[in-house]
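Values in this text are rule-based calculations from the coordinates and carry no lab data. If you're wondering where the values come from, they're calculated on a predicted model, not measured in any experiment. Cβ placement follows ideal geometry from the backbone for every residue including glycine, while neighbour counts extend to all protein chains displayed.
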């Protein structure tokens with residue numbers, strides 16, 4: 001069987017998706033929440049992590065034939081459901097945010113969001129022109145229109161800058177506080193716009209919203225971590241695992257990768273995962289064979 005040839009270009013985060021799509025994903029995943037064992041601590045920005053995972057999905061699916069051929073015991077459901085888990089974690093995050101009350105609050109958020117989106121977009125376009133970030137992805141964000149797109153664009157831009165911060169921080173006027181604010185403001189604006197109230201879908205089960213968020217995020221982390229371990233094995237010679245499936249936990253000011261191949265499966269460069277929230281600190285250099 002011919003081997004898949006995923007792009008070795010660094011995956012650029014995508015928008016989390018329409019709120020209705022995320023709500024449907026959460027409805028599908030909700031029955032699994034009660035079965036989650038050890039919950040992963042949330043010490044990473046969920047919207048940015050979700051965007052990174054969604055951006056990696058096409059590259060991971062390009063490798064699916066090799067998952068089947070070379071890793072017959074790998075649980076394919078973790079690959080096939082990865083986008084659903086990511087969208088569910090995104091919606092669970094929205095459900096856990098406090099409501100913004102009144103039109104005045106919405107107006108304040110919109111007044112801040114529009115110029116911040118434009119500032120980040122102009123900076124991203126300059127970086128794309130130099131080939132530092134992915135130009136088609138930036139162009140896709142530019143096409144967004146309306147308030148919902150503005151909210152999702154802020155999350156996508158925050159993820160874009162966050163993932164490549166070490167490469168861009170000295171080449172842009174954007175400051176890290178702008179990236180952090182965009183990641184916070186996007187979800188706040190979605191909540192203020194009523195994006196988490198989706199008609200025609202069953203209401204979430206009664207319970208603690210923060211606990212549901214933690215469990216949904218754990219499902220995403222476990223599935224993504226398993227896929228990263230598999231990719232590290234499949235693409236060991238190419239040494240491009242981080243380009244295909246970047247770490248969910250990379251962020252500005254984090255540790256830089258060390259030289260050598262021992263960091264092929266880990267964005268932190270220690271050979272084994274020491275990412276915050278990685279279950280049990282498991283190494284990312286072996287395929288999952290459950």
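Multiply the residue gap between residue 239 and residue 27 by 0.36 nm, knock off their C-alpha separation, and tell me the result in nm, one decimal place.
72.6 nm
Give the peptides 104-111, 73-80, 219-226 in descending order of average Cβ contacts within 10 Å, highest first.
219-226, 73-80, 104-111
Provide, in order from the shortest bin, the percent of all Cα-Cα pairs of region 115-249 in each 5 Å bin, continuing until the bin that contains the maximum pair distance.
2, 9, 15, 15, 17, 16, 14, 8, 3, 1
Enumerate the whole-percent occupancy of each 5 Å bin, from 0 to the last occupied one, for all C-alpha pair distances of region 102-192.
For region 102-192, the pair-distance distribution reads 3, 15, 29, 24, 16, 8, 4, 1, 0.
Quick check on packing: order 152-161, 179-188 by the mean number of other C-beta atoms within 10 Å, highest mean leading.
152-161, 179-188
Using a Förster distance of 22 Å, how high is the FRET efficiency between residue 97 and residue 20, based on the Cβ-Cβ distance and rounded to 0.05?
Computed FRET efficiency for residue 97 and residue 20: 0.80.
Which value in nm describes the separation of the simple spin-label points at residue 149 and residue 110, placed 7 Å from the Cα toward the beta carbon?
The answer from the label model is 1.6 nm.
Calculate the length of the line joining the C-alpha centroid of region 52-103 to that of region 157-181, in whole Å.
24
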